[in-house]
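I have placed the structure first, in the form of structure tokens, so that the comments after it can refer back to it.
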Amino acid sequence: MSEIKQTEVASTEKKEAAGEEKDWAAAKAHFENLKSTKPRPPKPKNAVTIAVSSRTLFDMVAERKIFEEEGLEKYVQHQQEHENEPLEQGPAFPFVKAVMAVNERLRNLYPDSEELFDIVLMTNNHAQVGVRLMNSINHYDLTIERFCMTGGQSPIGYLKAYMTNLYLSKDAKKVQEAIEEGIAAAIMFKPDVESQLSETQLRVAFDGDAVLFSDESEIIVKQHGLDTFFEHEKQHENKPLAQGPLKCFLEALGKLQKKFYAKNERLNCPVRTFLVTARSAASSGVRVLKTLRSWGLEIDEALFLAGAPKGPLLQKIRPHIFFDDQMFHIEGAKEMGTISAHVPYGIGQKYNKGKLIEPEKQQK
């Protein structure tokens, strides 16, 4: 009986997949018949999908204040009254613009390929606010066709349905929920000063432990000190680290990079990745590089700082986004003009500048 059921399930799944392909083909044919010159979004299963909240894409500090002090109705009214005024750029804006520049290059090299970035505006705003958001997107000539406006409800439940590879928000609780669902996510922070960023190359910087990798080594540092950590890493240098919450996003970036390499564009690739880690190269760097190799992933630049501040180095790199699990690294990067994204994952969330946070403070 179980074999019959398995056969029936497989048959059903095959029919559903065929139906999905048929629906996509019909939708594509419909849009092509409209003869629009605007690029159509790719199928989610082919795309690297990045979901951004409205407060990360745009600067909505003033609007948020109205919501908190005067309530939802006044907030919606304000947005409607100002819907023809474009919102100011938020912390994720340069990242999104750089992503779209990569898409332009990909379309030139592979006109029929759907292996592209796809941006989804994922917000708990009410639909009435959508007009101002759409007007702002058109004002800046952003290619964002997929919206998810949940009317005050959490959008996290929709992330998997949109096949999200990365979720960026200013809401720490939502980001934590996304990570718990197995989705790469981070809390966006605007830098204290502006920096000149590349308009032709997407530059993404990652911390290592508790970001690309699990926090297994970080736990040893926190609980037993550096000497034990160094010895542990030496003994286990041939054992790959477990994956962290953003490994899948690095993997997605690598997939797109290889499309440029295949066209002999490695030296002119519009995607560049950086590992910026507090690890020491000689004492604990080998395991990191062997882990990446075991995953079949490349990192363009690996920078081992041996505990030195990351801010000055990031100021030279000028990434469109820098991911780290430790808030003191985020704060240091922000001060020196780096757009930063906090990944609230692992044992590091229980510490501040190396000191254990008291339980009552962790709850605040």
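Based solely on its DSSP helices, what 222 nm [θ] is calculated for the chain when runs of n ≥ 4 H residues each add -39,500 (n - 2.57) and the sum is averaged over all residues, nearest 500 deg cm²/dmol? Don't skip to the end; give the middle numbers.
Working: 14 runs with 161 residues, N = 364.
Here the helix-only value at 222 nm equals -13500 deg cm²/dmol.
Let me check against my output: what whole-number percent is the relative contact order of the chain, with C-alpha pairs under 8 Å and at least 6 apart?
Working: 605 pairs, mean separation 61.2, N = 364.
Contact order relative to length: 17 percent.
Cα-Cα over 21 Å: which of 43/259; 259/310; 310/355; 45/247; 160/263? Numbers along the way, then the final one.
Numbers: 43/259 18 Å; 259/310 31 Å; 310/355 19 Å; 45/247 18 Å; 160/263 32 Å.
Distance filter (> 21 Å) returns 259/310; 160/263.
Suppose the chain between residue 73 and residue 280 were pulled fully straight at 0.36 nm per residue; how much longer would it get relative to their current alpha carbon spacing?
Numbers: separation 207, 0.36 × 207 = 74.52 nm, distance 5.34 nm.
Taking residue 73 through residue 280 to full extension adds about 69.2 nm, to one decimal.
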Exercise for the section: Measure off 7 Å from each Cα along the Cα-to-Cβ vector at residue 115 and residue 350, then give the distance between these two points in nanometres to one decimal. Expected result: 4.1 nm
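Residues with beta-carbon under 12 Å from that of residue 200, excluding residue 200: net charge, scoring Lys, Arg +1 and Asp, Glu -1? Don't skip to the end; give the middle numbers.
Numbers: positive: 97, 105, 203, 272; negative: 104, 199.
Within the 12 Å Cβ shell, the charges total +2.
Would you please classify the overall shape of the range 48-187 from the alpha carbon gyration tensor, given that a ≥ b ≥ c denote the square roots of the eigenvalues, rounded means a/c under 1.5, and beyond that prolate means a/b larger than b/c while oblate covers the rest?
Details: a/c = 2.17, a/b = 1.37, b/c = 1.58.
Note, shape of the range 48-187 comes out oblate.
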Exercise for the section: Enumerate the whole-percent occupancy of each 10 Å bin, from 0 to the last occupied one, for all C-alpha pair distances of the chain. Expected result: 5, 22, 30, 25, 13, 5, 0
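Based on other C-beta atoms within 10 Å, arrange 143, 228, 277 from fewest to most. Mind dumping the intermediate values first?
On the way: 143 18, 228 12, 277 24.
Least to most surrounded, the residues fall as 228, 143, 277.
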Exercise for the section: For the range 222-242 and the range 153-199, compute the distance between their C-alpha centroids and round to whole Å. Expected result: 30 Å
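May I ask you to derive the FRET efficiency for residue 239 and residue 316 from their Cβ-Cβ distance with R0 = 35 Å, giving the value to the nearest 0.05? Mind dumping the intermediate values first?
Working: r = 33 Å, r/R0 = 0.94.
Result of the calculation: an efficiency of 0.60.
Coordinate-derived values only; no laboratory data. What you see is a predicted model; the values in this text were computed from it and never measured. Cβ: placed from backbone, ideal geometry, glycine included. Neighbour counts: every protein chain shown.
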